[in-house]
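Here the structure is laid out as structure tokens; the discussion comes afterwards.
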Amino acid sequence: MKPKRTYKDSLFRHIFNDKRRLASLYESLTGRKVAPRDIAITTLRGVFFNDIKNDISFRIGDRDIILMEHQSSWNPNMPLRMLWYVAKLYSRQLDSQEVVYRSRLIPIPAPEFYVFYNGNQDEPDYQKLCLSDAFAHAANTLELTVDCYNINYSTKNKLLDSCYELRCYSIFVQKVREGIQNGLELRTAIRQAITYCKTHDLMGDYFQKNESEVFDMVNFKWDQKRALEVAKEDGISIGTHNAMMDVALNLLKQGIPMKVITDSTKLSLNEVRKIAKDNGLAF
């Protein structure tokens, strides 16, 4: 029997891990045209549980570095996460730590930060998040701003109107949700959403070519989300430290990121790492 493939990538990242689609999305966001050949994808893909990973990042020549995140749950801490990501990207770009001690100014690409949100919480079509909003007291020593776009499908959404690929993604997600709300099993809802996109000129070629991968990615991510919800409910109902450790182990086995587990169980990062190591899940 052929082993079942498990895709821990996200559909958003899979679609936009493509220079042509990134160029289209960037032009819709900024009004600036960029040639796909001038794009260098720099997405962080960690190997270990505690590695830093992001959704999409890319450079445009040596001028700009663009970071994009997709969120199905609203997160007001995205500026802090973006700070970690861009620091990692700058560190990786510079060949040696000694470069920062040189007497001349070292040029670095200017960063831009974008979040695309399509969760169930009601959020405006556009808003800006600032790192300084999280400071314990008012200070002007460091700032990082993130442009956040609600990409839940709407005929009045200007960004979706201007970016074909993003609109197709939004409609696909909406169709999966509609199927589930109408009582379909997740697997059936995904299949029907794929068929809808293939037959309505919604990136039909992409869904035709990548149908198995799309199904596995979406099925895994939605199952993962539900597992997290159930685990949190179980942990809250039991309310003990040992119960949270059991929840953490179950989530680790399902490949859920360590940061998500610490946030959900309130266990420390060292505790979750030890659980992973003790159960042969750290590598």
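The values are calculated or read from the model by the stated rules, or taken from the named source; none is laboratory data. Just so we're clear, the structure is a prediction, and the values are computed from it rather than from any experiment. As a convention, Cβ positions derive from the backbone with ideal geometry for all residues, glycine included, and neighbour counts pool all protein chains shown. Side chains included, ligands, DNA and RNA excluded: accessible areas come from the protein's heavy atoms. Shrake-Rupley method; radii C 1.70, N 1.55, O 1.52, S 1.80 Å.
Figures for the structure shown
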| quantity | calculated |
| --- | --- |
| Loop-located trypsin sites (Lys or Arg not before Pro) in segment 105-161 whose Cβ has at most 15 other Cβ within 10 Å (DSSP) | K156 |
| Within-15-Å neighbourhood charge of C130 [Cβ basis; K, R +1; D, E -1] | -2 |
| Karplus 3J(HN,Hα) series, Hz, for segment 130-145 with 6.51 cos²θ - 1.76 cosθ + 1.60 (x for Gly, Pro) | 10, 4, 5, 5, 8, 5, 5, 8, 4, 7, 10, 7, 7, 9, 8, 10 |
| Selection from V146, C163, C130 lying farthest towards where the dipole of segment 106-168 points positive, charges on Cβ | C163 |
| Inter-site label distance for K209 and K128 at 7 Å from Cα along Cβ, in nm | 3.8 nm |
| Nearest-0.05 FRET efficiency for I108 and K266, computed from C-beta distance (R0 41 Å) | 0.65 |
| Separation of the D201 and K277 label points, Cα + 7 Å toward Cβ, nm | 5.8 nm |
| Neighbourhood net charge (15 Å Cβ-Cβ; Lys/Arg +1, Asp/Glu -1) for E271 | +2 |
| Neighbour cut-off at most 12 other Cβ (10 Å), DSSP loop, GluC sites (Glu not before Pro), segment 137-181 | E143 |
| Qualifying chymotrypsin sites (Phe, Trp or Tyr not before Pro) in segment 157-200, DSSP loop, other Cβ atoms within 10 Å at most 16 | none |
| Above-threshold pairs, the threshold being 24 Å between Cα atoms, out of K88/K158; K221/K266; K53/K128; K221/K259; K19/K53; K88/K209 | K88/K158; K88/K209 |
| Residue-count net charge about T262 - beta-carbon cut-off 11 Å; Lys, Arg +1, Asp, Glu -1 | +1 |
| Per residue accessible area of segment 80-130, 1.4 Å probe, in Å² | 68 Å² |
| Rg/Rh ratio calculated on Cα atoms of segment 104-187 (Kirkwood radius) | 1.14 |
| Solvent-accessible area, 1.4 Å probe, carbon plus sulfur percent, for segment 15-140 | 50 percent |
